[in-house]
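Have a look at the structure below, then the notes.
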Amino acid sequence: MAKLFDNLIQVTGLTSGSWQSKNLSGAPWNVPATATGLLLVIRNSHASTAYGYGFRKPGSTDNRAAPILAKTQYTAFPGCSGSALNYYIENTAVEVWLGGYFEADAVFYDNGVLQTGHYNKPVDDPRSFRLSPIDRKAIILEVVDTGSGNDVGFVPGTATPQELRNPIYNHQWVVVGLDASRRYDIYANTTYHTVHLVGYLVAGKFLPIFTDKTLSNNDVWEDKDLTGDGPPFKSVGAIVRSTGIVRGDLRQKNVLSSA
């Protein structure tokens, strides 16, 4: 079962300029050897957008790294092995924070599988990708945009609304639920995107109809009650889709009945 921390823990002692391995078994991270993947938040504290970053499962030959926008933060869901993570940061201004980890609820590939034939297709394209085995609930995708801010979107094959897409900048990870036929749909408006399947989830509930949880106020932390939206009482977290280019953040609330 996925473990989410109450507070993010910075991954310190990182080396810039090349692919490196970081063991997270010790304090303060305490990632167990049973972990299969990590939930990371990446922050660029610098005013430059020139600094690249990337993550991969130890033993992988993947070599995907791309810059992060100045003064922004993204999320990433890379695989790990034996509590270890492979990472690349071009400059130590790129901060890495640990928000939790996956265990038997997620499977990660050694190398990502390139998804092809998806560009310039509407999100309801009937040629949705089909995946097996049947126990897959959602997939984890790594997206690299070699342009700057091109529209991209991912939804379950029968999701409503379908038209959920927004600009992506350089390098991000997404979790996408699958429909009953184990399908998902991609919208991408240019050929600049490369999309790699890096893993999948075998647990969790992914809703076919998305609920609007737009905030009522700007520039303040705001609670959102998810009790009536389907998550069971013991949910440890929620998968949230945001659209637009306005910068924002999410954090966990310590109430058991809320996801």
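The values are calculated or read from the model by the stated rules, or taken from the named source; none is laboratory data. A quick note: this is a predicted structure, and the numbers were derived from the prediction, not measured. Every residue, glycine as well, gets a Cβ built from its backbone with ideal geometry; the counts of neighbours run over all protein chains shown. Just the protein is used for accessible areas: all its heavy atoms, side chains included, with ligands, DNA and RNA removed. Shrake-Rupley method; radii C 1.70, N 1.55, O 1.52, S 1.80 Å.
Within this structure, Lys71 fails the test of being among the charged types (D, E, K, R), over 30 Å from Ser48 (Cβ atoms) and either part of a strand (DSSP E or B) or modelled with pLDDT under 95 (or both).
Applying the selection to the range 38-58, what residues are among the polar types (S, T, N, Q) and either closer than 11 Å to Asn86 by Cα or in contact with a Phe, Trp or Tyr (Cβ under 9 Å, 6 or more places away or on another chain) (or both)? Explain how you work it out, then say what you get.
Filtering the range 38-58 for residues among the polar types (S, T, N, Q) gives 44-45, 48-49.
Once the filter is applied, which keeps residues that are among the polar types (S, T, N, Q) and either closer than 11 Å to Asn86 by Cα or in contact with a Phe, Trp or Tyr (Cβ under 9 Å, 6 or more places away or on another chain) (or both), the range 38-58 yields Asn44, Thr49.
Assess whether Val94 counts as being in contact with a Lys or Arg (Cβ under 9 Å, 6 or more places away or on another chain), at pLDDT 95 or above and over 20 Å from His196 (Cβ atoms). Taking the combined requirement at face value, the residue does not satisfy it.
Yes or no, residue by residue, for (1) of a type in the set (Val, Ile, Thr); (2) part of a strand (DSSP E or B); (3) surrounded by fewer than 18 Cβ atoms within 10 Å (Cβ to Cβ):
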{"residue": "Trp29", "(1), (2), (3)": "no, no, no"}
{"residue": "Leu40", "(1), (2), (3)": "no, yes, no"}
{"residue": "Tyr53", "(1), (2), (3)": "no, yes, no"}
{"residue": "Pro58", "(1), (2), (3)": "no, no, yes"}
{"residue": "Thr75", "(1), (2), (3)": "yes, yes, yes"}
{"residue": "Tyr88", "(1), (2), (3)": "no, yes, no"}
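Residues in the range 133-168 that are part of a strand (DSSP E or B), at pLDDT below 75 and either among the hydrophobic types (A, V, I, L, M, F, W, C) or buried (at least 17 other Cβ atoms within 10 Å of the Cβ) (or both): Asn150, Ile168. Going by the structure shown, is Leu14 part of a strand (DSSP E or B) and either closer than 25 Å to Ala203 by Cβ or open to solvent by 30 Å² or more (accessible area, probe 1.4 Å) (or both)? Here the answer is no, as Leu14 does not meet what is asked.
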